[in-house]
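Please treat every number below as a calculation from the coordinates, not as lab data. All of these numbers come straight from a predicted model, not from anything done at the bench. Every residue, glycine as well, gets a Cβ built from its backbone with ideal geometry; the counts of neighbours run over all protein chains shown.
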Amino acid sequence: MNFKKLGPYDIGQQLGRGGMGTVFEGTNEETGERVAVKVLSQSLATDEGFRERFEQEIETLRKLRHENIVRLFGFGEQDGTLFYVMELVDGTSLEQELRLGRKFDWEEATKIAVQMCRGLKHAHDRGVIHRDIKPANLMLTPEGEIKISDFGIAKLFGSSGMTMAGGVIGTAEFMAPEQADGRPVSHRSDLYSLGGVLYALIAGRPPFVSKSIVDVLQMQRFSKPEPLRRHNADVPREFDDIIMQLLAKDPQERIANSALLMRRLESTERGLTKRRTLKGDDHDFDLTPNAAPMGDPGATSQVDVTRVETGRGSQADSVDLMAPTRQTGSEDIAATQASVVAGNANASSVTPVTHYTTVAEDDLGEDLLTSDDATRNWPQITLLASALIAVIGLVWWFMQPPTAEDLSATIDTALQADPEEGHASVEKEIREFLDRFPNHEEAARILGYQKKLDQHSISREYRKTLRKKNSEELTTVQRIFLSATDRRISPTQSREQLTALVVILNATEEDDQDQECLEAAKEEIGAISDLAKAYQQREEDFIVRNLARAENLVRDGSEEAISQAQGLLHSIVTLYADESWAEPHLKSAQGTLRRLAETDDQDRP
């Protein structure tokens, strides 16, 4: 594509290039303003639904104007090629900062999170969900300002209404569990991803890391991340608690919205800063990008992420998104970081069209009140002032510490929802109740929960002790225990291995080390039993649905349908080969595969 001009912009140097298209630097011929012009590759023109999605997402992006969101300037079409124009941000992405080895402290991460919350609140208030919050989509300017890029990209290339059931799109390492399940997403899905980003900034790696996409998705759905304090002992427990709540599997257990999250972060920072100042420990920090970063930006690191994409609305290859909303000194960096959105349903069949639409101030829904407006609208202003006072009163009320009844209700709700693991999710509330209300009539009951929580910690602390040892220092029993409690395996496999270990230990002569391992194994089995049952039920439902889909494709009888059915069945066998409970389903899948193979042999001349 050799464009000299698109809309009112003179096209300059190429900033990045990828499978989705090309990003150029543009200059407004009248104002001299520099922008990023995103143009779709012609190779994507065969997707008949793309133009419709493009128009839908442009309408979405037109709603957004905020200092922490990369701004849309305009969009258009030239000779059948779609493009749009975005703000060009000078700076680096947080992914680049992480690749260069930078680790952020909790205060820096808090400042980043507060800015992200402001941008996300602006979007969420307008019904816009990002769907792909990750370090590569967060730009850090030289002044330390955060700008969120690529709103609408994930939906554009895989909207729920235009892909097959169960299709997901996003970045595996930062994807919310409901996205990994192919379930509907909400604003709390963005908050989960925000928690993953903050975790990566401090730990230097995402909450879950594996070379296998399937493993990462499974961990997002079922595994608990290690506390941040294990990666950085300087992280305050209060901040760690916030991150763990954002990474809750159930969206309802996460912090309700970005506004509440912002207030909680700010109040936590103020409280901890005051406490540190009283202790005489002062600390300055800088949020701006590294002035002269050292190292290879293209080097492999633990923050590498994997695009996940399935469904009819996507291309055969994974989305090669480009983030052209910044300027760097390397074309390679721009090519690997840039994102493009634009489309053409069928370039060969579309009559060439040329037009360009500027996003006007009126499109952005800004409600600016002039002094003359204020004079004419005293009744409205008085009403707004009254509402503001009421809001301040509500905020004050919500800031008050919870009562004994509030804490008791929160604890009971968590335990009813998850009798086994619920204790850990409300550990903070249990301790707070016993600290503040030791003589309350409910104290004895809450103390029982505390004792059970302490019992649950036996296995956790025992694992921590074993992991500190060298492998040659571990006994055979200890090695088996560590393997069985590896959070990367499924809960059912973990339960089966631990049960077998308990049987062996009960049948052997006891020594002190084995006795300690036996107690820890029994405690672990109790802790994961309900989790294993729920996991098995969900996975069986998933297998049964896909076996039924495969049977429907076989009944279709076409060559393409048979090929799709075989792919589904092979995938089921591969994914669940190690699960003993899945054996009946695997036999069914393998039987169908054999039947199809025999039919294929008979049909051959």
Whole-Hz Karplus couplings 3J(HN,Hα) for segment 407-412, θ = phi - 60° and coefficients 6.51, -1.76, 1.60, Gly and Pro as x, run 4, 4, 5, 4, 5, 5
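If packing is taken as the average number of other Cβ atoms within 10 Å across a peptide's residues, how do 129-139, 196-206 rank, most packed first?
The most tightly packed comes first, giving 129-139, 196-206.
What does the charge add up to near Ala550, with Lys and Arg as +1, Asp and Glu as -1, over the other residues with Cβ less than 13 Å from its Cβ?
Neighbour charge sum, excluding Ala550 itself: +2.
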Interchain or sequence-distant (5+) residues whose placed amide H lies within less than 5 Å of the amide H of Leu15 are Val23, Phe24, Glu25
The ³J(HN,Hα) series, computed from each phi in segment 472-486 with the Karplus coefficients 6.51, -1.76 and 1.60 at θ = phi - 60°, rounded to the nearest Hz and given as x for glycine or proline, is 6, 7, 7, 7, 4, 4, 5, 5, 4, 4, 4, 5, 5, 9, 5
For Ser267, the net charge from surrounding residues (Cβ-Cβ under 12 Å; K, R +1; D, E -1) works out to +1
Quick calc, Glu29 & Ser386: beta-carbon distance into FRET formula, R0 45 Å, rounding 0.05, result 0.35
With 0.36 nm assigned to each residue of separation and the Cα-Cα distance removed, Asn2 to Arg445 gains 152.1 nm
So the FRET efficiency between Arg595 and Asp79, C-beta based with R0 = 35 Å and rounded to 0.05, is 0.10
